[in-house]
Each structure stands twice: as C-alpha cells, then as structure tokens.
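The values are calculated or read from the model by the stated rules, or taken from the named source; none is laboratory data. For clarity, every value in this text was computed on a predicted model and none was experimentally measured. Positions of Cβ are generated from backbone atoms using ideal geometry, with glycine treated the same way; all protein chains shown enter the neighbour counts.
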Amino acid sequence: MTDLAQDLARAAKHHNLEAGFDVERIRQDFPILSREVHGKPLVYFDSGASAQKPRAVIDAMVEVMENEYTNVHRGAHYLSQTLTDRYEGVRETIARFINAGSENEIVITRNTTEAINLVAATYGRKFLSKGDGVVISDMEHHANIVPWQMLRDEIGIELKIAPIDDRGVLDLDAYGDLLDQNTKLVAMTHCSNVLGTVVPAAEIVRMAHDRGIPVLLDGSQAVVHSKVDVQALDADFYVFTGHKLYGPTAIGVLYGKAELLAQMPPYQGGGDMIATVTYDKTTYAEPPYRFEAGTPPIIEAIGLGAAIDYVSAIGMDAIQTHESALLAYGMERLGEMPDIKLFGTAPEKAAIFSFIQEGIHPFDTAATLDRAGVATRVGQHCAEPLMARLGVDGTVRASLAMYNTTAEIDVMIAALERARALFG
Amino acid sequence: MSIPAEKLTQYDEYVEALDLLDEESRFEYIIDIGKRADKTPFPSDCMDDVHLMHGCMSKVWIVHEVVDGVHEFRGQSDAIIVKGLVSMMTGSFSGLTSDELAAVTLDQVRGLNLGALTMQRQVGMMAMLKHMQKLSQRAENGADRSAAAE
C-alpha cells in the first residue's frame, strides 16, 4: 500500500468515527468555506481566533437590518416593541445555552475581554483590596491577565499564578496551595487558546468554594467545543465571546450569579443602565441592565442568537465528538512528523494544535501553510507569559472547528512537508 | 524630488524579476533571497533591542550607517521569508541621500508587486520603508545638531 493509500484509508476510518455528523452538509452552511485562497480550497484552521459564520447567522443579521431594525428598549412603536422582544429573547437563548438560572444573569458585553474588565472594574474594585490575591493560571490569554494587573497597580492586589506541567496540564496541588486566606478570587481559563487544555473546571470551582472563594471562568474557547452548564460547574462568573461561537464580532457574554451581580456597582454610565436620573442623583437599573450602558449591539445579538440556535440544533455533544475525532487524527499525523514539536498534550484537550517545526521559524511555516490555502495563526497568541513558560518566541496554531475535516488535516500535513523541503 | 535612475538599479531588477514570475514562484524567489542573505554576515552584536524593528510577527533588525553622505542599510530576521523581504528593501533603497530616501513612496514598495503574498507582508514592507526613513531622518537631525554645536 502506498503512503497516499494508507493516508486515505486512515482518513476514511476517522471519517467513520464521524458517522451521524454530516460534516459535508455542515460545510455547505458556511458560504466562505467554498472559496479559494491562492488558488487552493480554503482550509480554515484559525477558528480559535475567530470562527466562520453559517448562512443562518448572516441571514438573520441581514434580515433584521432590512425588515426589523430600530433601537430597542425605548421606542413607543411597533418595530421597537417587536425588536426588543427579539433582543431580549436572545438573552433567554444564551441563558438556556449555558443553563443559567435566569436570563437576568446574562449581561451582554462587547466580548470576553470587556466581560473580564467589567468584573475586575466592578466586583474587583468593590470586593478586593490591598493584599488580596487573585489566582490565574500559567496559560491565560492576555484578556485574563491585564485587567487583573491593572487592578493590582490600582489597589494593590496580588496576582498568583497556578502552574502547568510540560503537557499543559494544570497542577491542581499547586493551585490548591494558592487558595490561602488572602486569596479572594480565582479567574481562570476553561480551555487554553494556545494549548487546547481543558481544565477540570468543576474541581477548580469546588476547591475554591471550599475556601469561600468565588471563581470566574474564561469560556471563550470552551463554550465552542463542548456543552457548558454554568450551574453544574457552579461558576460564579462565566465569560465568552460571540465571534468564536460562529456568531458576529462585537458581542460577548458575562454570566454572573444573580446574588453577585446584585451587589456589583455599574461598569459604565449612560442610557439604558439607569432607573431614574436627576441632576442631583441617579439610581441604577437592576442587573443585567445596570451593566449595559448605551445602545446595545442589537444586530450582533440577533446574530449570536442565530449562532446558538444553529449549534444547538446540531448538538454540542455531536460537535464535541466530531472535533475529538479531528483532534485524535491531527495528533496522530503531527506526531508522525519528526520535526514537529507539539505544545499542549493534555489528555483533556480541544482540537487546537500549537507547534513549531524544528529549525524553521513559525512565520515561515505559517506562510507555507498559507500558500496551500491553510489559514493558521502564528506568534504568541495573546499569551506571552505562556510562551515564556514554554521557552519559545511563538508557535504556529491550527485551531479547528466543527466544519473541519480529516482531509483538511492531510492538506496541512502535506504543506508542512513542503515547508520542510523549502526551509529545512 | 526624483531619484536618479542609476540609484534604483537593484530595485528595478527585483521589479523585473518578480514581474516575470507567477505567484508561487515569487514565494520561492523571496525564500531564495532570504537564504542568500543568510550567507552575508550580519553582526551578531547588532541583533539587539537597539536595532530591533518593532511590530513584526518575526524579529527584524536593521543596521544603518551614513557613508559618504548616503545611507546604507543592512537587515536581518529570524524568519527566512522576512529576511528575504528585508534584504529586498535594504538592497533596493541603500545608497540614497536623505532627501532621496524621503522621496521613496509607498507606491514604489507596492511596485515590487508582493501584494499577493498576503497583506501582512505588504504592510510589513511599508513599515520597513518608514523605519528606514526614520533612521535616516534621525541621523540627519543628529548631524544638524552637531553642526549647530560647532
């Protein structure tokens, strides 16, 4: 059997693992996936940065602009009432999607970054003070580092870093040791954007709660790859963004337990977040509106609602099964290449491959992949401290999604072989 | 200010060569230039923060000196493709006076026709030109200050 035939046979075997999940049908829902790049079919392996949009999302956003558009929450007319109902319906959709106790626990933000900044600026300023510790992990996105550093510089909190091992697995014992009497908050990724590591979130929350410490989980990557149940996790805050979840940019979500949100002061001032305003005094609206100053991202919310409906119809479990097959196949193929050094080999992992080719700069590798139509990200992935921990200046990251196939992984492998020939 | 044609012979050679190639061959051509540039020694003590050009996905160092009133540049990068691109830029636009260098336009960089090799690299080339112009301007200002001091 030739190498090619072996590859095809193995790919076919993995395709069988995907039985019941019709990836070709799903691909047809994403218009951009039929385009070419540099004369080659687009292989989109940059979904960790931002996922592509299904027709359902595009149509919903166009439709609302063409037929239903107005402002929400304030108009004394038919369009405003119907669109307000639709907009608020999305809040209910989001709540159901992550199994929040109520739609009032869902705050609409611009993205994950804003959601974390919101918690740092409101909960942090009110409940944290000089000397208090905030525990993060050694594999955080800058979005879950910098807001806490800013708070540290402002009020003198201490940032504590829970270490990872060389596979990218969180050291739970070391994490437990950081939960001392000074620690007042844990803010941790649920799934690393660089390594793909999925942390034992329920255990992390339980350990913190045993010591009375609330937990914020950054679910930007996790919510895309598997079913998330914030009540089962018992997370106090859970944040994610719309554009990685096949929805539009400029919309994100902060889930917060009702009793916590109720105690938090507003984030920004303006319209929509008030109860009454006089020149002497303003009273603020109840959560979630208290945290949503100004006209919200209305069209984006409709798009995110459509995206959640779309993935829910397919089923997060089915998506996870498909992506697990992609992960296994990708790890196997990359593992066969002697010049590939993989970062992130945790047993619990999403289909995110971070790697370098020995002796080849990641930029050169990524540029060669690009020539083959394979879109990846190269660099530090907004995680410079993690890169320092890994001892590299940067990596190539292939982050896969539900619309990817094993055949596309084969295209990447062939392009990596070409890179070896060009630069090796 | 127009730049004398004889000072842009290297630039013209690149433009002509790239013009004859299809997109895939251009990619390999730049890699070849990068590999060839690797054989020209670049002072390792210049691969430091002082000579680092910020804002690139790979590291780029540019060394600049004024020789007989014209600006000479040498570049280095840790990525071969970028090394090729830096080499094309420093090769194209070395040997110019300050005024001539300031007259190099973004259109001339676009004239190298590297756009198809992704915007990132195209934008990187623009940044390189601006960096080289800034270095020459800084040297010019330094010389002015020295002259004024005398």
Which numbered condition A:R96 fails, given (1) part of a helix (DSSP H, G or I); (2) buried (at least 16 other Cβ atoms within 10 Å of the Cβ)
(2)
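Only strands (runs of 3 or more DSSP E) wholly contained in the stretch A:341-424 count here; list those with 2 or more residues that are away from chain B (no Cβ under 12 Å), over 30 Å from A:V223 (Cβ atoms) and without any contact (Cβ under 8 Å) to a residue 24 or more places away in the chain.
Those strands (runs of 3 or more DSSP E) do not exist here; none qualify.
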How many residues does the stretch A:228-250 contain that are in contact with a His (Cβ under 7 Å, 6 or more places away or on another chain) and either assigned to a strand (DSSP E or B) or modelled with pLDDT under 95 (or both)?
0
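Every residue, every condition in (1) part of a loop (DSSP other than H, G, I, E, B); (2) more than 25 Å from A:S354 (Cβ to Cβ); (3) small (G, A, S); (4) touching a residue at least 40 places away in the same chain (Cβ under 8 Å), yes or no:
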site: A:G75; (1), (2), (3), (4): yes, yes, yes, no
site: A:D85; (1), (2), (3), (4): no, yes, no, no
site: A:N104; (1), (2), (3), (4): no, yes, no, yes
site: A:I116; (1), (2), (3), (4): no, no, no, yes
site: A:R125; (1), (2), (3), (4): no, yes, no, yes
site: A:M139; (1), (2), (3), (4): yes, no, no, yes
site: A:G168; (1), (2), (3), (4): yes, no, yes, yes
Name the residues in the stretch A:104-125 that are more than 15 Å from A:I94 (Cβ to Cβ) and touching a Pro at 6+ places or on another chain (Cβ under 6 Å), would you?
A:I116, A:N117, A:A120, A:T122
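Take residues that are touching a residue at least 24 places away in the same chain (Cβ under 8 Å), touching a strand residue (DSSP E or B) at 6+ places or on another chain (Cβ under 8 Å) and within 19 Å of A:T113 (Cα to Cα) and tell me which of the strands (runs of 3 or more DSSP E) falling wholly in the stretch A:251-294 contain 3 or more.
On the way: elements: A:252-256, A:274-277, A:282-284.
So the answer is A:252-256.
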State all residues of the stretch A:375-424 that are of a type in the set (V, I, T) and within 21 Å of the chain's Cα centre (by Cα); if no residue qualifies, say none.
A:T376, A:V378, A:T395, A:V396, A:T405
Which condition does A:Y87 not pass, out of (1) crowded, with 17+ Cβ neighbours inside 10 Å; (2) in the same structural domain as A:T406 (by TED's automatic domain parsing); (3) at pLDDT 95 or above; (4) not small (G, A, S), if it passes all the others?
(2)
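Considering only residues that are within 13 Å of another protein chain (Cβ to nearest Cβ) and in a loop (DSSP other than H, G, I, E, B), which ones fall in the stretch B:17-29?
Initial filter on the stretch B:17-29 (within 13 Å of another protein chain (Cβ to nearest Cβ)): B:22-29.
Within the stretch B:17-29, B:D22 is the sole residue that qualifies.
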Filtered residues of the stretch B:4-36 (kept if of a type in the set (D, E) and farther than 14 Å from B:G95 by Cα)
B:D12, B:E13, B:E16, B:D19, B:D22, B:E23, B:E24, B:E28, B:D32
Evaluate the stretch B:38-48: report whether one residue or more is within 14 Å of chain A (Cβ to nearest Cβ), of a type outside the set (F, W, Y) and closer than 16 Å to B:I80 by Cα.
yes
Take the residues of the stretch B:62-88 that are in contact with a His (Cβ under 9 Å, 6 or more places away or on another chain) and away from chain A (no Cβ under 14 Å): which is nearest to B:D38 (Cα to Cα)?
B:R74
Those residues of the stretch A:57-84 that are surrounded by 16 or more Cβ atoms within 10 Å (Cβ to Cβ) and hydrophobic (A, V, I, L, M, F, W, C) come to a total of 7
Checking the condition of a type outside the set (D, E) and modelled with pLDDT under 95, which residue from A:A9, A:A95 passes?
A:A9
Considering the stretch A:165-192, residues that are of a type in the set (S, T, N, Q) and in contact with a helix residue (DSSP H, G or I) (Cβ under 9 Å, 6 or more places away or on another chain), and then whichever is surrounded by the most Cβ atoms within 10 Å (Cβ to Cβ), we arrive at A:S192
Can you go through A:E114, A:E154, A:E105, A:E92 and tell me which one is within 27 Å of A:G247 (Cβ to Cβ) and either out of contact with any Gly (no Cβ under 8 Å at 6 or more places or on another chain) or not assigned by TED's automatic domain parsing to the domain that holds A:L260 (or both)?
A:E92
Condition first: among the small types (G, A, S), part of a helix (DSSP H, G or I) and modelled with pLDDT of 95 or more. Can you find one or more residues in the stretch A:39-56 that meet it?
yes
